[in-house]
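Novice: Provided herewith is a single structure, encoded as structure tokens, for subsequent inquiry.
The values are calculated or read from the model by the stated rules, or taken from the named source; none is laboratory data. Computed from a predicted model, the values in this text were never measured in an experiment. Quick reminder, even Gly has a Cβ in these numbers, built from the backbone with ideal geometry, and neighbours come from all protein chains shown. Each accessible area value is taken on the protein alone, full model and side chains, heavy atoms only, with ligands, DNA and RNA left out. Shrake-Rupley method; radii C 1.70, N 1.55, O 1.52, S 1.80 Å.
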Amino acid sequence: MNFIGINENNINFIRDNFNSTIVARGENLFIKGDREEVELLDKIFKELIYLQKRQGEITERDINLVIELVDEKSPVNFREKFDSNAADLNNVILFKKSDSVKPRTETQAEYFKSVRQNDIVFAIGPAGTGKTYLAVAFAVAALKNKQINKIVLARPAVEAGESLGFLPGDLSEKIDPYLRPLYDALEDMIPLDKLKQYMDKNIIEVVPLAYMRGRTLNNAFVILDEAQNATATQMKMFLTRLGVNSKAIITGDITQIDLPNREISGLVEIQAVLKGIEDIDFVYFNKSDVVRHKLVKDIINAYEKYNNGSYGK
């Protein structure tokens, strides 16, 4: 019963990830489908049997881990991988094919903890600290674990030194470059065919911030990226879209505001407006949290020196 799950939930979770037909009858499992996939499923079920014998039970998290780590092109090496990673499984945000997303700095670990404990989290800090990438990982993990039914990712389409009018194509094609970083993160975490299905069914949406007006988002994970370029009015509009059983993450870098001088950044203002409210948290990253190319940290340092008037000293 534990292996199959109540109402075959465990088997259904595997069915959702493969095209083969899987039928449970008594103590037997029958698998019908493409030969390579059937062989892969055979390997997956054998590893799950091993896990259940070792642990006394299996969970959906175990199933997800097995699916991600078993490689049909190499000998079974799951047990070695599982044993070596067992100690820090609780730190994994999302399992990917032969890889996982987990906190790599102290602030990222704080971010992970904050998202688990709060409904609205603001992640503020410089480029390259993983704010957006981890936010997308949190959302994809929640969707995979069926904690929510929908992901909505939004960005302000603010002109950063370039004019939309000079870009080729219609409005959607002009806006697409602003949303590209969000697509990149999604494509790194979800197989392209599955991602296309999600987007065709509007289970995952990537939209300009302006398209959020008038909506109420229930059972959703909502992310606002580059929030330093949202006005105070837009920030209020975004935050009030949140419905029942929903979470929101707002990321941004207040040193890179591209709004006209007369406009106040909503991300700057909101820190004073929402300070001290329960279930809302602010996580602040700094240059020591940069996890991109090692030169990114040096570039941030160089700009800080230049802006402080110590350039060349």
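Novice: Please find, within the stretch 197-211, the residue that is nearest to the chain's Cα centre (by Cα) out of those that are among the hydrophobic types (A, V, I, L, M, F, W, C) and either at pLDDT 90 or above or open to solvent by 20 Å² or more (accessible area, probe 1.4 Å) (or both).
Specialist: Ile204
Novice: While we're here: Please tell me if Val70 is in contact with a strand residue (DSSP E or B) (Cβ under 7 Å, 6 or more places away or on another chain) and either modelled with pLDDT of 85 or more or of a type in the set (Val, Ile, Thr) (or both).
Specialist: No.
Novice: For the structure I just gave you, tell me whether Asp88 is under 29 Å from Thr132 (Cα atoms), modelled with pLDDT under 75 and assigned to a loop (DSSP other than H, G, I, E, B).
Specialist: no
Novice: Next up: Which of the residues belonging to the stretch 42-71 are outside any loop (DSSP other than H, G, I, E, B) and either β-branched (Val, Ile, Thr) or touching a Ser or Thr at 6+ places or on another chain (Cβ under 6 Å) (or both)?
Specialist: Passing the criteria: Ile44, Ile49, Ile63, Val66, Ile67.
Novice: Would it be correct to say that Asp62 is within 27 Å of the chain's Cα centre (by Cα), crowded, with 16+ Cβ neighbours inside 10 Å and under 28 Å from Gln147 (Cα atoms)?
Specialist: Yes; evaluated as a whole, the condition is true for this residue.
Novice: Now for a different question. Collect the residues in the stretch 214-231 that are among the small types (Gly, Ala, Ser) and either touching a helix residue (DSSP H, G or I) at 6+ places or on another chain (Cβ under 7 Å) or surrounded by fewer than 21 Cβ atoms within 10 Å (Cβ to Cβ) (or both), keeping them in residue-number order.
Specialist: Scanning the stretch 214-231 gives Gly214, Ala227, Ala230.
Novice: To continue, here is another question. Tell me, yes or no, whether the stretch 144-155 has at least one residue that is in a helix (DSSP H, G or I), at pLDDT 90 or above and closer than 18 Å to Phe221 by Cα.
Specialist: no
Novice: In the stretch 113-129, which residues are surrounded by 22 or more Cβ atoms within 10 Å (Cβ to Cβ) and within 15 Å of the chain's Cα centre (by Cα)?
Specialist: Val115, Val121, Phe122, Ala123, Thr129
Novice: I would also like to ask the following. May I ask you to say which residue of Glu37, Glu8, Glu27, Glu47 is at pLDDT 80 or above and open to solvent by 70 Å² or more (accessible area, probe 1.4 Å)?
Specialist: Glu27
Novice: Name the single residue that is least open to solvent (accessible area, probe 1.4 Å) among those in the stretch 92-112 being among the hydroxyl-bearing types (Ser, Thr, Tyr) and in a helix (DSSP H, G or I).
Specialist: Tyr111
Novice: Return the residues of the stretch 35-70 that are within 16 Å of Ile22 (Cβ to Cβ), touching a residue at least 24 places away in the same chain (Cβ under 8 Å) and of a type in the set (Lys, Arg); say none if nothing qualifies.
Specialist: Lys43, Lys46
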